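Report on one structure; see the data block that follows.
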Amino acid sequence: MVLEEFKTRVLPVKNKLYRFALRFLNNEDEAQDVVQEVFIRAWDRREELHLYRSVEAWCMQVTRNLSLNRLKSGHYRNTQELAAGHEVQHAQSPYEQTETQDVLQMIDQLLQRLPQAQQQVLQLRDMEGYAYQEISETLEMPLAQVKVNLFRARKTLREQLTKMNAYGIGQNS
Amino acid sequence: MESVKIRELVEKYWEGDTTLEEEEQLRVYFNKEEAPADLKKEAVLFRYYQSHTQFRTLDERFDNTLTQRIERKEAKQRWLTFQPVLRIAAAIVLVVLATVLFKAEWNNPATETSPVAVEDTYEDPRLAYEQTKEALLLVSSLMNEGTQHMVNLENFSEAQETVKTQIP
């Protein structure tokens, strides 16, 4: 596989890997480093990649392993810098936009308070649109456990969002 | 989409019973339409999902860094692959060179060991003596001319010494 082919066949998965790494590391630079490393490893195995059932699933697994290794090594920089970065494209007044930003940041914080396994399952399912089987393989988690984690994550989010609604937060969004 | 249908889907979603297709329908609905008041929290959540995937992305700088890393890696790899060939080539050149030199030595052993031959330029010894004397005299006169300048320097040095001793 030449570099151009690698760029068109493997590189497009970069954003999913990046968001997945962010879920573990909470730091943009660290997450980027991990994704670079994943692609370098994929490049080293470029002649074997066609043997894998799904290159994307393989890349996601390596992202997960490298992110966990970084967490274990204790050298990573968790700066909680991720609150920023949400922008909303709907036509809204500046006041509404600011409030929507605040609500989105609150949801981000709610999500980060969930147990890691629940966060990961919710991310892969609700944000990346993965099937249960793919999530099970990526996270090396039994299928039943995937469903339980997803159910619990959504349940907690529902409760928290209902509370937010009760306090009138997010009514304008 | 009918709001009754959406409410059904939303309930299924919270129970964890929706399929991927149904979740996609919800995503499309909440990102396009103004949700009714009782579905505000779902609207907010699905908008969060959308903004999360839309704005947490890697730009071209990431691609460029990766491309450079891969190209550097490949250049190094090419060099490593080529290195044994270069080594073998260098060894062959050395062997050929050594063989050529050895062969030349073997065929003509006298050339290196014979003393440097000095050829006579004069047949008559007296004439040779005169020529040598003349050459040496020329060298001597040139050297004397050089020492003349040294006398001037000596005079200058003496004058300086006199000034130093006479002026307290």
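Just a few scattered comments:
- Comparing B:L20, B:L86, B:L97 in a Gaussian network model of chain B where C-alpha atoms under 10 Å apart are linked, the largest mean-square fluctuation is found at B:L20.
- Taking the longest Cα principal axis of chain B as reference, the axis of helix B:40-55 is set at about 20 degrees.
- C-alpha long axis of helix B:125-166 to longest principal axis of chain B, angle in °: 70
- Highest mean packing first, where packing is the average number of other Cβ atoms within 10 Å per residue, the peptides B:89-95, B:67-73, A:104-110 line up as A:104-110, B:67-73, B:89-95.
- Cα pair distances of the range B:120-168 binned at 5 Å [whole percent]: 5, 17, 13, 10, 10, 9, 7, 7, 6, 6, 4, 3, 2, 1
- Of all lysines in the structure, those lying under 18 Å Cα to Cα from B:K32, and not within fewer than 8 positions of it along the same chain, are B:K5, B:K40, B:K41.
- Rh (Kirkwood; distinct C-alpha pairs) - the range B:1-95, Å: 18.3
- Using alpha-carbon coordinates, inclination of helix B:20-32 to the longest axis of chain B, degrees: 90
- Summary of packing: across the peptides A:6-14, A:63-71, the per-residue average of other C-beta atoms within 10 Å ranks them, highest first, as A:63-71, A:6-14.
- Contact order normalised by residue count of the range A:92-166, Cα under 8 Å, 6+ apart, percent: 29
- Qualifying GluC sites (Glu not before Pro) in the range B:120-168, where qualification requires a DSSP coil assignment and no more than 15 other C-beta atoms within 10 Å, comprise B:E123.
- Expected-Rg normalisation [2.2 N^0.38 Å, Cα atoms] applied to the range A:92-166: 1.28
- Evaluated with a Cβ-only charge set (Lys, Arg +1; Asp, Glu -1), the protein assembly as shown carries a dipole of roughly 2060 debye about its Cα centre, given to the nearest 20.
- Cα gyration tensor shape for the range B:3-57, rounded if a/c is under 1.5, else prolate or oblate: oblate
- Per-residue shielding of B:53-60, expressed as the average number of other chain Cβ atoms within 10 Å of the residue Cβ, stands at 6.
- Electrostatic dipole magnitude of the range A:92-166 [Cβ: Lys, Arg +1; Asp, Glu -1; Cα centre; debye, to 20]: 440
- In Hz, Karplus ³J(HN,Hα) per residue of the range A:43-57 (6.51, -1.76, 1.60; θ = phi - 60°; x = Gly, Pro): 5, 4, 9, 4, 6, 9, 4, 5, 6, 6, 5, 9, 5, 4, 4
- For the range B:61-116, the spread of Cα positions along the three principal axes, ordered from largest to smallest, is 73, 22, 7 Å.
- Cα gyration tensor shape for the protein assembly as shown, rounded if a/c is under 1.5, else prolate or oblate: prolate
- Prolate/oblate/rounded label for chain B (Cα gyration tensor, a/c 1.5): oblate
- Rounded FRET efficiency, nearest 0.05, which uses the C-beta distance separating B:K76 from A:V55 and R0 of 30 Å: 0.75
- Residue mean of other protein chain beta carbons inside 10 Å, B:38-46: 6
- Extension gain from B:F102 to B:L136, taking 0.36 nm per residue of separation minus the Cα-Cα distance: 7.7 nm
Every read-out reported here was derived from the displayed coordinates using simple, explicitly stated rules and does not represent laboratory data. Predicted model, so just to flag it, every value in this text is computed and none were measured. Positions of Cβ are generated from backbone atoms using ideal geometry, with glycine treated the same way; all protein chains shown enter the neighbour counts.
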